[in-house]
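Shown next, in structure tokens, is the structure this report addresses.
The values are calculated or read from the model by the stated rules, or taken from the named source; none is laboratory data. Please read these numbers as outputs of a predicted model, since none were measured by experiment. In this analysis, Cβ positions are derived from the backbone assuming ideal geometry, glycine residues included, and neighbour counts consider all displayed protein chains. For the accessible areas, the whole protein counts, side chains as well, though only heavy atoms, and no ligand, DNA or RNA atoms are used. Shrake-Rupley method; radii C 1.70, N 1.55, O 1.52, S 1.80 Å.
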Amino acid sequence: MPFQALNRNVWLLCVAHVFSFAGASVTFFLGSIIGALLAPSMNWATLPVTAMVVGTAIGTVPAAMLMSKKGRRFGFISAAIVASGSALLGAVAIWHSQFWLYCMSCLSLGISYAFVQHYRFAAAESVAIKVAPQAISAILLSGIAGAFLGPNVVKYAHHWIPQHAFVGSYLALAIMVAVPAIILLWLQTPAPQTVDKAHTTRTIRQLAQHPNFILAVFAATISYALMVFLMTAAPVSMHVIDGHSIDDTGIVIQWHIVGMFLPSLFIGKWITKYGHRRMMVIGISAVAMCIAVSQIDQNVASYWVSLVTLGVGWNFLFVSSTSLLITTYLEAEKYRAQAFNELMVFGVQAIASLSAGWLLIATNWQVINLMSLPLLGLLLVVIWWSGKRLN
């Protein structure tokens, strides 16, 4: 079994991640659709999703600083409470048809999600370094359950308050994202590793002189930016522009998230066997397939194949980059390195998400896919360059 070496801490984090990820999956599913209903202009339809991503970027450094002082458990439980309050604020915003208040709800939800992003680091720190890729994969794999739980529950709760569509959805979401606050009461923070006093901690500038650190941060940033750029635009393109049903749109987004996380069953072992760079190249190939299929047609099947291959490509790139990153810093440097990585990932993600709606309206689904190609090419160059520098 690929996950047999994982311990209780990792499994607690996996179960908690099922519920915490519901907030992100629901926002990606409903954010642009609700935005289109509430926004003063269609150009602002994707702003709620962008607000969540911006919130995550804003929360990256505070999340790392808080957990460095108070511990992982305190940070994760606090984030769950904030997420639940954010979902309740979203329900109030939808009830009163307040677009900007809904965006604030998504922003706050994003800040809480910055803490959730550290689940994978907490899991990696709970096991031996050689098992870390499997621990990271297990956390991501649990996102499949969240991908189905979140959208299905909010679709069921959609009719709780018939006069106000989606208010019930956000009330249900408030309950789901609060569950990790209970589960993680049993989380045990691993004892800090002994820091070698002979080594001084390095600054970010010094860490960034290592080719593997550069590659890890760049691959994580590019993979997440491209995934969010296309995933944010997809519901608007499918449902609003091409007229596909909300059920078909929801199914495509769900299977996209399955594509994001299902490869976690084996990617950890493959990274150990074949190396980080080979897995990244496979990930780039999968994203290239997404772009190629998007040029053929815009029926439901085409969207499904595009979004699934996009998810698979993201998984290969993101797990590989995360497992590479944790090999580049010392114990005393981890919060600094992790905060920088997350800030880069979600800062660029925010730009990608904000631009997705505008560029989609200005062009079309095929064109915004083609816009992703130069970044894939640049990532290939960085993979080649970093490998050459280490030889």
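Over all distinct Cα-Cα pairs of the stretch 30-145, the Kirkwood formula returns a hydrodynamic radius of 15.2 Å.
Take every pair of alpha-carbon atoms less than 8 Å apart whose residues are at least six positions apart; their mean separation over the length of the chain yields a relative contact order of 25 percent.
Per residue of the chain, the DSSP helices (runs of n ≥ 4 H) give a summed -39500 (n - 2.57) that works out to -25500 deg cm²/dmol at 222 nm. Of all the options PHE318, PHE340, PHE261, the one that moves most in a Gaussian network model of the chain with Cα springs shorter than 10 angstrom is PHE340. For the chain, modelled as a Gaussian network with Cα springs under 10 Å, which listed residue fluctuates most, PRO263, PRO374, PRO151? Taking springs between Cα atoms under 10 Å, the residue moving most is PRO374.
Rolling a 1.4 angstrom probe over the chain with all protein chains present gives an accessible area of which 68% lies on carbon and sulfur atoms. Between the beta carbons of ALA208 and LYS130, assuming R0 = 25 Å, the FRET efficiency works out to 0.45 to the nearest 0.05.
Extension gain, SER245 to LEU330: 0.36 nm times the residue separation minus the Cα-Cα distance gives 25.6 nm. Surface analysis of the chain yields an accessible area of 39 Å² per residue, using protein heavy atoms and a 1.4 Å probe. Cα centroids of the stretch 314-391 and the stretch 92-118: 24 Å apart. In plain terms, the chain from LEU185 to LEU265 could stretch by 26.1 nm, reckoned as 0.36 nm per residue minus the Cα-Cα distance. What you get for the chain, charging only the Cβ of Lys and Arg (+1) and of Asp and Glu (-1), is a dipole of about 1320 debye around the Cα centre.
With the highest mean first, a sort of the peptides 297-307, 170-180 on other beta-carbon atoms found within 10 angstrom per residue produces 170-180, 297-307. Overall, the ratio between the Cα radius of gyration of the chain and 2.2 N^0.38 Å, rounded to two decimals, is 0.93.
Sequence-distant contacts, meaning Cα pairs under 8 Å at least 6 residues apart, place the relative contact order of the stretch 51-154 at 34 percent. Projecting the Cα positions of SER84, VAL49, ILE129 onto the charge dipole of the stretch 1-134 (unit charges on Cβ atoms of Lys, Arg, Asp and Glu, taken about the Cα centre) puts ILE129 furthest along the positive direction. Here LYS70 is the anchor, and the aspartates and glutamates within straight C-alpha reach of less than 20 Å, apart from those fewer than 8 places off in the same chain, are GLU125, GLU331, GLU333, GLU342.
Here the label points at VAL92 and ASN152, each 7 Å from Cα along the C-beta direction, are separated by 3.2 nm in the simple model. Between the stretch 151-175 and the stretch 8-38, the C-alpha centres lie 14 angstrom from each other.
Which residue, chosen from SER372, LEU13, PRO40, occupies the Cα position most advanced towards the positive end of the dipole of the chain, where the dipole is computed from +1 (Lys, Arg) and -1 (Asp, Glu) charges on Cβ about the Cα centre? The residue sitting farthest along the positive end of the dipole is LEU13.
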